[in-house]
Amino acid sequence: GGFSQWDVFNHAKALSLFSKNLPSLKDISESHCFCLPDMKPFAAAAESSFQFLKSITPGKLSWPMILDLLANALRRAELEMKYEDATARTYAAIEKIAKLQLESAYGINNAKCAPEQLPEKLREDFTRKYSGGDGTLKFGALASYEVLLHLGDTYGRRFAQLPKVNAHMTERNHSILGHGFQSMDKPKFDALFDDALKILSVETTSLPSFPKMAGDDRL
C-alpha cells in the first residue's frame, strides 16, 4: 500500500494511496465491533506519517526528503541488514544536504556554478580543478562542504568538525556500490550515519518512521 510505495521513494503514488485509504483505516479503528486493540494507535501513527509524507514534494529536493532518505537508510540497515544499500543512501543524504544548502541559502548550483559565485579564496583552485569547459564549475560533496565552510555556513562548520567524516566517505567510495569492492558492514554504516545526523544536528527520533502492528517487525 502507501507505505510500500513510500519505501521505494514513490512519494506521489504513496500520497495517492494514503489519501484514498487512510479515512477507511480510521473508520475501522474507531469501530466498536473491531477487536484488534492496537488498530487505533496504528491508525493514529499512520495519520502522523501521512502528515510528514505531505511535507515531501515529489521530485524536488527538500529537507523533509533528506530526512526521509536517512530514515530509509536506517530501515535497510536495521530491518534487512543491507549495509551496502544503507550506506549508499546515507552518503547520498550527506551529498544532498550540501547541495540543498548551497542552492537554498546562496543560489549556488554545484552542478553548474559560475566561478564568481564562490568565495574569492576558492575561485582559482576550483576553476583549475572543476571546470566543465563551458565557463561553469561542477563539484561534489567534499568540495561543496568546503564552499559552505568558507561561506561561514553552519552545515560547513559541522562537517569540518567531524574528525573522521572524510575517511568514512572514502570507505563508502571504495564500496561495491561506490567505485571499488570493499564490503560495507554495520560499524561502517553506523559511523557514516552518525556523521549525517551530526551534520543535520538531529537525533534518530526526528526521522520519520513507519508504524507497526503487534507481531510486525517493520518500522
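The values are calculated or read from the model by the stated rules, or taken from the named source; none is laboratory data. Predicted model only: the values in this text are computed from it and were never measured. A quick note on method: Cβ atoms are made from the backbone with ideal geometry, for glycine too, and the neighbour counts reach across all protein chains shown. Surface accessibility is based on the protein's heavy atoms, side chains included, excluding ligands, DNA and RNA. Shrake-Rupley method; radii C 1.70, N 1.55, O 1.52, S 1.80 Å.
When only residues in region 188-219 that are at pLDDT 95 or above and surrounded by fewer than 12 Cβ atoms within 10 Å (Cβ to Cβ) count, which is farthest from Thr170 (Cα to Cα)?
Going through the qualifying residues, I end up with Glu203.
If Glu95 satisfies every condition in (1) modelled with pLDDT under 95; (2) surrounded by 15 or more Cβ atoms within 10 Å (Cβ to Cβ) but one, which is the exception?
The one condition Glu95 does not meet is (1).
Here is a yes/no grid of residues against (1) open to solvent by less than 80 Å² (accessible area, probe 1.4 Å); (2) modelled with pLDDT of 90 or more; (3) touching a Lys or Arg at 6+ places or on another chain (Cβ under 7 Å):
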| site | (1), (2), (3) |
| --- | --- |
| Pro23 | yes, no, no |
| Ser29 | yes, no, yes |
| Cys33 | no, no, no |
| Met39 | yes, no, no |
| Ala43 | yes, no, yes |
| Ser55 | yes, yes, no |
| Gly59 | no, yes, no |
| Ile66 | yes, yes, yes |
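Contact list please: Cβ distance under 8 Å, first residue in region 127-154 and without any contact (Cβ under 8 Å) to a residue 40 or more places away in the chain, second residue aromatic (Phe, Trp, Tyr) and assigned to a helix (DSSP H, G or I), pairs at least six apart or on different chains.
What qualifies is Leu137/Phe126; Leu137/Tyr130; Lys138/Tyr130; Phe139/Phe126; Phe139/Tyr130; Ala143/Phe126; Ala143/Tyr130; Leu149/Phe159.
When you go through (1) without any contact (Cβ under 8 Å) to a residue 24 or more places away in the chain; (2) assigned to a loop (DSSP other than H, G, I, E, B); (3) of a type outside the set (A, V, I, L, M, F, W, C) one by one for Pro211, which number turns out not to apply?
Failed condition: (1).
Considering every residue within region 98-107, establish whether at least one is at negative phi, outside any helix (DSSP H, G or I) and open to solvent by less than 10 Å² (accessible area, probe 1.4 Å). Outline the logic, then answer.
Looking only at region 98-107, we keep the residues that are at negative phi, and these are 98-106.
Filter again for outside any helix (DSSP H, G or I), leaving none.
Scanning region 98-107, I find no residue that is at negative phi, outside any helix (DSSP H, G or I) and open to solvent by less than 10 Å² (accessible area, probe 1.4 Å), so the answer is no.
Here are Ala114, Ala105, Ala73: which of them is of a type in the set (Gly, Ala, Ser) and under 22 Å from Arg157 (Cα atoms)?
Numbers: Ala114 fails: under 22 Å from Arg157 (Cα atoms); Ala73 fails: under 22 Å from Arg157 (Cα atoms).
Just one listed residue meets the conditions, Ala105.
Of (1) open to solvent by less than 50 Å² (accessible area, probe 1.4 Å); (2) closer than 30 Å to Ser175 by Cα; (3) in contact (Cβ under 8 Å) with a residue 40 or more places away in the chain, Arg76 satisfies all except one. Which?
For Arg76, the exception is condition (3).
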